[in-house]
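To keep things clear, I will list the structure first and then write my remarks on it.
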Amino acid sequence: MLAKKIVSVLENFRKDSSASIDLKILEEIRIKYLGRNGLVTNLFEELKSVSKEEKPALGKSLNSLRDQITSKITELKQNLTSLLEKEKSHIDLSLPGRHKQLGSNHLLTQTLNEIKSIFRSLGFSSIEGPELESDYYNFEALNFPKDHPARDMQDTFFISKDFLLRTHTTPVQVRIMEKHQPPVRAIMPGRVYRNEAVSSRSYCMFHQVDGIYVDTDVTFAELKGTLVAFAKQFYMEDLKYRFRPSFFPFTEPSAEMDITCYLCHGKGCKVCKYSGWLEILGCGMVDPNVFKMVGYDPEKYSGYAFGMGIERTAMLKYGITDIRIFFDNDFRFLKQF
Amino acid sequence: MKILLSWLKNYVDLKGISPEEISVKLTMAGLEVEDTYSEREVYKGFIVGLVKAKQKHPNADKLSLCTVSDGEKDYQVICGAPNVQENQKIVFAPIGTVIPKGQFKIEKAKIRGVESFGMICSEAELNISDYHEGIMVLPDAMKAGVPITEALKLNDVVFEIGITPNRPDALSHIGVARELAALYNKSLSHPKIKLKESKNSVNKFASIEVEDEINCPRYSSLVVRKVEIKESPQWLKDSLTKIGLRPISNVVDITNYVMHETGQPLHAFDLDLLAGNKIIVKSTKEESVFTTLDWKQRNLPIGTMMICDAEKPVAIAGVMGGANSEINYSTKNLLIESAYFNPSSIRRASRALGLSTDASYRFERGTDPNNTLYAAQRAAQLISEICNGEVASGNFDVYPKKIFPIEIVLRYKTVERILGYEIDDQRIGEILKSLGIYPKEQNKEEIKVAVPTFRPDIEREIDLIEEIARIHGYDNIPTISKIAVTLHGRVDESEFADQVRDIANSLGFFEMINNPLVSEKLVSYRENPIQILNPQNIDMEFLRNSLLPTALSVISRNINSGEKDLCLFEIGNIFYKNSTEEIKSFGDFTESQKLIFIMTGRANNKEWYSNERFFDFFDLKGLINSFLSKISLDNFLNDSYYHSGNNLYEFLLTKSLVNKVLGEGGKVKKEVLSEFGIDQDVYSFEFDLQSLMKIERIDKKFIEPGKFPKIFRDFAFIFDNSILSEEILVHIRSEGSVLLKSVKLFDLFEGESVGKDKKSLAFSLEYGSEDRTLTEVEVEKDFTALIKSVTQKFNATLRGK
Ligand SMILES: [Zn+2]
C-alpha cells in the first residue's frame, strides 16, 4: 500500500513542479508535500504502522522520496530567484532619483544662528527691538550727548526730528535693562542702518548682534574670557587674539578685539590690510552713565557689552569680498548655502 | 590724522625704537595706526640721474629723447617736460620703481615708436608737492646714482592714525608724543618760548571784547608787526606737505604748523583790515551771509558765533576766517587769535553750515583752554624768526572764569572690581603721572588726582580706570575662561521666526534678505509710507510698507539672469505712519514683522518621470495650508476668496481670525508684474508674523491610532459649475454620522461628457470606529443616506451607478 502511495506522490510532485510556477506557487508546493500536514510527512506517519519486515525498505524509499523532493524544490527556488533578478536588471538603477527640492536660510541667517547657538550655550537670551528708534534710545540713553562728535561715528537716517533708523542694536540693551533687574544676560540680533555710501565694503543697511551681561562683580577679565571662548568656537580653536583700547560712548573701558588673520596666518595680506590682524568685534564695560539712565546702581552692578557685524563676520568666514551680494538675492547665491 | 616721525622726535626721545614698534604700541594704547608710509619704502629704487644728452623725439614735437646716466650706465628715456635740459641732475625712476602718485609701476615702454627705459619725475609724481608743470631739478652737486632717499634725506615715516572722538588731546604731534612718553616712560619736552618783544604794547595796536562769554570762555591774542609775507622755508613746507597740507605762505603755514604741533587752532588776521583795530566776539542776532576765505558765500543761521571788528564780521568763530581780513602778500601787521570755544557751539555751527575744518574738528572735540596763550606765543616766536616780524609786548587774554583741572577720587578697589584684576597702587600712581594726571591726596584706599584740562574726556573714576587699563595694557588683564553663571529664565524672541524659517526650508523655499530702503515707486501700493529726511538717493528714500514689491524686484532680477523657477521667502519688518502727521512718538507709526512666500515658474521640471508643470493658485493654497498646519494653526483661520482681488492680486485668498485679516495673497496682477518687467505668473502670500505668533494655540493631545480596520467608500456626482467644492465638502462632513472619519476630494472633471456648465467631483470617504470593527451594513446605511442628501441639497446626479 505504502509503496504504491510513495510512487504516486512522486508522480504528482513531478507533475506539480513541471508546470509554469513562480516562487509563491513553489512555496505552496513545498507546503503541500513537506509541510506539517504535507503528503510526504503523512507517509512518514503511515510508516509507523507497517510491519517490522517491511519497515527498513519502505523507510529507505520514503527518505529517498523526501530528499528528491527537497532537492528539486531547492533547485527550482534558485532558478526562480535568479530569473527574477534577471528580470529586475532591466530597470536602470542609475537613473536620477525623483527630485525633492529643499530650501535654505540666507547665509546671514545661518551665520547669525551659529553665533546665537554659541551664546545660547553660555546662557544668553535672545531679545529683539524695533528698527525705527527714538533719538533717546539710539543715542541719548547710550551716553551720546546731543551736539557731540561721537555721533559722527554713526551717520544716521532720520525720519523726523526725534526718530531715526537705529544705527546699532545697542538701544535694545537699554530696553532690556529698563524692563529687568540684574542679572541680565542677553544677545540682541537685528538690522541696523547707516547713512554711508554703498560700496563693496559698506552698505547702508546691515545686521548686528549686541550682547550684554550685567550682575554684581562682572569684570573686564570675564568679558575677555567670554569673547575669547566665542571666537575660538566660531573661528578656530588655536587662534591668537588681542584686545586694544577703543572708544564707544556706552562702554568704559572700551576695546576692540582682533584675531590673527586666518588667510595669511598673521603674515599680512590684502584682507587684513597687511597688519596680520582682523578686527572682529567691539566691546567694553557698560558705562556707569548708561546704568544711571536705566536706574541701575553703578556702585552695586557692573557689566560688559559687545557688538559685532554679521555681514563682516560672514564675509570673513566665507571669503566674500563684496557685501552687496547679500542683498542682491541672486538665486545662484542663495542656493549655494 | 597724519603724524610725522621726525616731527614727533622734537618732543620725545625715540632713539632705538623702530617705526613698526611705535605703530604697534600706539595701536595697543587706543591710537590705532591705520597705515604707515615709510619714505624709504615709497622712494625705493629712485636715484639721482644726470641728463647727459637731450634730443628731439623723431615722431613727437613735445617730447624729448634723453640719455640719463646713473653714473655707470646710460638709459634712453623719453620725457615730456618742457624744463628738461642737458647736464641737469634729476630724479630718475628706473624700470621696476613705483611712482608714488597713482601707484603705477615703471615698465619698458614704447612711446611713438621709440623705446623708453624709465622716467624723469616731477615733484607732483613723487608726492613731494603739487608742482607738475615740469620735472624736479636737483642741485648740481648731487652725485648721479645716489638713491634719492639719501640725497634728499627722505627717511621719514608718516603714521596715519585714527583718533577716536574722545581723544582731542591726541590731535597733534605733542599729543601723540605725550602718549609715547607715557608708554615708554620718557619725558616730554615742549618747545621753549623766548620772545623778543618790542617796546610797543599790544594795547597800542588793538583791543578785544568778548560779548558771548559762554561760548567763548577764553580769547588770547598777540600782535606781530612788520612781517614779510613770502614762501615758507623748505623744512616748514616739507613738514606740512608730508602730513598732507598745502603750503600757502609763511604766516599761514606757521599757524597751521603750530596747530598740528600743539592741537590749538590759530587764526591770523591782517590787523590793518580790522576796522577800528578791534575784535568783538558775539553771536548773530539775525540770519546773514558771510564770505569765508575760500571765497564761498555762507548763510549764517541766527546764533552763529562770529569774530567781528568794529563794523563787520571777519570770521566764523572756530570754523573759518573771512575773505575780508585774510592774510595776503601785502599784509604787514598781524593779530594772532588763539581762543577756547565751547565745543558744542562750534559743532552746531559746523553742522549748520555743512563746513568742517581742521579748526572746527578740534574745537568741537574740545581743545585745552589753558594752552591758548602758549600756542599764540609759539606762533609769534616762529613768525618773528621766519617772517622777521616784530612782536608787540604783552598780550590780550580775555579769560573771565578760569577753567581748573577737575579732581577725581579713585578707589583702588573699584579698579579691581571693574577689571577683575589687581594692579599695584604704586603702578597706578606712575601710570597716572605719566599721563600728566597728578596726585593731590592719597591714602591706603584711594587716590585723589587732578586731571589736566587737555583731557576733557576724563571726568569720572571709570575714566581713570580706563586710562590705567590702557597704559598698563589690555593684554595684561587676565582672560577668565570660567563664567560665573547666574541661572535665570532664558528667552528667545526669534524662536518663532526661526521655526517659520525651518518650515519654509522644508517646503522648498529659499530665504532672501532685502534692503527695506526703497524708492517711492515701491511704496506706492500701500498707504502712508515713511520717508527718510536725509536719504542717500531717490532709490532709497522710503521704508517699505509691504514685502511684495522688494520680492518682485528680486524675481525680476533673477529672471533676467536666467533663473526663472523660484521659490523664495523673507521675514522682515514693514513700516508705515498711522496718520499723515509728522512722527513724534512711537504711537505715530507701525513697525511690524511680516512673512512673504513668493513663487514663480515651474512646479515640476520636465523629467524622465514627469512632465513640466507651472505653479498655479492651488500650489499657493496648498503651500499656505501646509505651512499653517506645521505651526498648529490649520483649523484656526478662515479662508475667503475674491476672483477680482485688490490692487495687487487677482484670485485673492485671505486668511482671517474672526474678522482680522492675518494674511493675503494670490496671483500677482499682470499690471503690477509689468511694472517690474516680469512676464510670467507669480504667486505670493504675505502674513503678519506677529499676529500668527500671538494666536493662543490649543495644546495638541495624543489620539490613540485606531486598532480596528477602516472601511473606504467612493462616490462621484455631477454638479452645476457654480457650486463650490468647499460647500460640498462641508455638507458631507456635517451630514455624515460619527463613523465618517474623513472625506477627500480626489477627482475633478469638466468636459462634454458631463454636460455644459457642469462638473464631476469624486469623493473618497473613510469610515471607522475606535471601539469596534464596523459592519458593511452600518457603513452602507450612512453612505446611502449621504448620497441622497448630496443629491437633494445640490441638485446633483450620482455617477456610475
Ligand atoms: Zn591677512
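Points to keep in mind about this one:
- Kirkwood analysis of region A:1-83, using all unique Cα-Cα pairs, places the hydrodynamic radius at 13.3 Å.
- Residue B:427 accessible area, 1.4 Å probe, all protein chains in place, Å² to nearest 10: 80 Å²
- With N the number of residues in chain B, Rg(Cα) / (2.2 N^0.38 Å) evaluates to 1.48.
- Ranking B:434, A:134 from most to least accessible surface, computed with a 1.4 Å probe over the protein chains only, gives B:434, A:134.
- Size descriptors for the protein assembly as shown: radius of gyration and Dmax over Cα atoms are 43.4, 163 Å.
- Region A:153-170 - phi-based ³J(HN,Hα) in whole Hz, Karplus 6.51/-1.76/1.60, Gly and Pro as x: 5, 9, 5, 10, 8, 9, 10, 7, 4, 10, 10, 8, 8, 4, 9, 7, 8, 4
- Dividing the radius of gyration of the alpha carbons in region B:44-153 by their Kirkwood radius gives 0.93 for Rg/Rh.
- In sequence order, region B:107-112 has phi-based couplings of 10, 4, 10, 10, 10, 6 Hz under the Karplus curve 6.51 cos²θ - 1.76 cosθ + 1.60, θ = phi - 60°, and Gly or Pro positions carry x.
- Percent of Cα pairs in region B:495-694 per distance bin of 5 Å, from zero to the largest separation: 1, 7, 14, 19, 20, 17, 12, 6, 2, 1, 0, 0, 0.
- Residues of region B:117-138 falling in the label zone of residue B:246, defined by backbone nitrogen less than 18 Å from a point 7 Å along Cα to beta-carbon, are B:123-134.
- Against the criterion of solvent-accessible heavy-atom surface with a 1.4 angstrom probe, A:241, A:213 sort, most first, into A:241, A:213.
- Among the trypsin sites (Lys or Arg not before Pro) within region B:594-680, those in coil by DSSP and having at most 10 neighbouring Cβ atoms inside 10 Å are B:606.
- For GluC sites (Glu not before Pro), the sites in region B:642-715 that DSSP calls loop and that have at most 16 other Cβ atoms within 10 Å are B:696.
- Nearest-0.05 FRET efficiency for residue A:238 and residue B:388, computed from C-beta distance (R0 56 Å): 0.30
- FRET E, pair residue A:37, residue B:780, Förster distance 30 Å, beta-carbon r, rounded to 0.05: 0.15
- Alpha carbon Rg of region B:711-798, scaled by the compact-globule rule 2.2 N^0.38 Å: 1.12
- Unit Cα scatterers, Debye sum, region B:406-472: log10 I(q)/I(0) for q = 0.15, 0.17, 0.23, 0.29 Å⁻¹: -0.38, -0.50, -0.96, -1.63
- With DNA, RNA and ligands ignored, accessible area of residue B:679 (1.4 Å probe; Å², nearest 10): 140 Å²
- Other-chain or far-sequence residues with amide H under 5 Å of residue B:166's (modelled H): none
- Measure of compaction for region B:359-482 (Cα Rg per 2.2 N^0.38 Å): 1.43
- Here's the list of lysines a cross-link from residue A:5 could span, going by alpha-carbon distance under 20 Å and ignoring same-chain residues fewer than 8 apart: A:15, A:32, A:48, A:52, A:55, A:60, A:72.
- Under Karplus coefficients 6.51, -1.76 and 1.60, residue-wise ³J(HN,Hα) of region B:382-396 in Hz, glycine/proline x: 5, 5, 5, 6, 8, 10, 6, x, 10, 7, 5, 6, x, 7, 9
- Semi-axis lengths (Å, descending) of the ellipsoid that matches the C-alpha gyration tensor of region B:649-790: 37, 26, 12
- Largest-first ordering by accessible area, 1.4 Å probe, given options B:457, B:253, A:152: A:152, B:457, B:253
- For a straight C-alpha distance cut-off of 30 angstrom, the lysines reachable from residue B:199 (same-chain residues fewer than eight places away being disregarded) are B:226, B:230, B:278, B:332, B:401, B:402.
- Structure note, pairs A:270/B:143; B:54/B:108; A:24/B:741; B:15/B:153: Cα-Cα distances above 28 angstrom occur for A:270/B:143; A:24/B:741.
- Using only Cα coordinates, the Kirkwood hydrodynamic radius of region A:107-334 works out to 18.2 Å.
- Per atom type, chain B shows carbon and sulfur on 49% of its accessible surface, probed at 1.4 Å.
- Debye-sum result for region B:436-590 in log10 I(q)/I(0), which assumes one identical scatterer on each alpha carbon, at q = 0.13, 0.16, 0.19 Å⁻¹: -0.85, -0.96, -1.18
- Taking 19 Å as the limit for the C-alpha separation, the pairs A:240/A:317; B:192/B:242; B:594/B:655 exceed it in the case of B:192/B:242.
- Sites count as exposed loop sites when they are GluC sites (Glu not before Pro), lie in a DSSP loop, and have at most 13 other Cβ atoms within 10 angstrom; the longest stretch of chain A without one is A:55-236.
- Between A:65, A:142, A:316, the GNM of chain A built on Cα springs shorter than 10 angstrom shows A:65 fluctuating the most.
- DSSP-assigned coil residues among GluC sites (Glu not before Pro) in region B:733-801, each with at most 15 further Cβ atoms within 10 Å: B:750, B:770
- Accessible surface of residue B:643, taken over heavy atoms with a 1.4 Å probe and every protein chain present, rounds to 150 Å².
- The three principal axes of the Cα atoms in region B:136-222 give end-to-end lengths of 63, 39, 27 Å, sorted in falling order.
The values are calculated or read from the model by the stated rules, or taken from the named source; none is laboratory data. Quantities reported herein were computed from a predicted structural model and do not represent experimental measurements. Positions of Cβ are backbone-derived with ideal geometry, glycine not excepted, and every protein chain shown enters the neighbour counts. These accessible areas exclude ligands, DNA and RNA; they are computed on the full protein's heavy atoms, side chains included. Shrake-Rupley method; radii C 1.70, N 1.55, O 1.52, S 1.80 Å.
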